[in-house]
Amino acid sequence: MHLVWILFLALIGTLAALISALAVAGLFLPREHRAARSLRLGQASTAQVWNLITDQARAAAWRSNLKATRRLEDHRGREVWEETSRNGQAMSFETLDAIPDARLVRRIVESGGPFGGTWTFELGGEGAGCRIRITEDGWIANPVFRTLARFVFGYHRSLETYLEDLARHFGEPGRPEPAE
């Protein structure tokens, strides 16, 4: 019986030490980060890509990590959409800037959350196709999550998933590239 307690306390101590180490490491990492990826689509025009990425009502039909989207009330005169992920997490985004077929900027509305930032979509024609670049200017408040994002999950994963889904929608190979 004493051995079980010793093992249990050792496990709790190890977990506490690991979380403490992650927190300390996160304190030395910058709160803000920038990540960017781009994708060249050979057959989809900038207008087709623009129409798809700005049609939030239908985003869950082609984005693999979304379960649903819904239009919310405008925020300071700007369009706001709530996205619900496959795991049930809801997040609201407002459109800060929209230049058709060229540039779209969206920002996470919740300001008191554990993370936030903007996504900037830039589109440009390349032959019969289009190049799309997405830049995330984000921040992560919690030092533990900051460490995990930097060294375990990576800042680029959500950008790559978005671009891979976009390519799949247009029936093209999805090969996101660094764009920094």
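We did not get these values from a lab; they are worked out from the coordinates using the rules stated. Values in this document were obtained by computation on a predicted structure and should not be read as measured data. Ideal geometry is used to build each Cβ from the backbone, glycine not excepted, and the neighbour counts take in all protein chains shown.
Summary of values
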quantity	calculated
Additional length obtainable on full extension of the chain from R70 to A47, 0.36 nm per residue less Cα span	6.0 nm
Gain upon complete extension [F153, T14; 0.36 nm per residue less C-alpha separation]	47.9 nm
Value at 222 nm in deg cm²/dmol, rounded to 500, when DSSP H runs of n ≥ 4 in the chain each add -39,500 (n - 2.57)	-9500 deg cm²/dmol
The chain, relative contact order [Cα under 8 Å, separation at least 6], %	29
Per DSSP, loop trypsin sites (Lys or Arg not before Pro) in segment 85-121 with at most 13 further Cβ within 10 Å	R86
For segment 159-180 versus segment 35-110, the gap between their alpha-carbon centres in whole angstrom	15
Kyte-Doolittle mean at least 1.0, axial Cα span of 24 Å or more - DSSP H helices of the chain	2-27
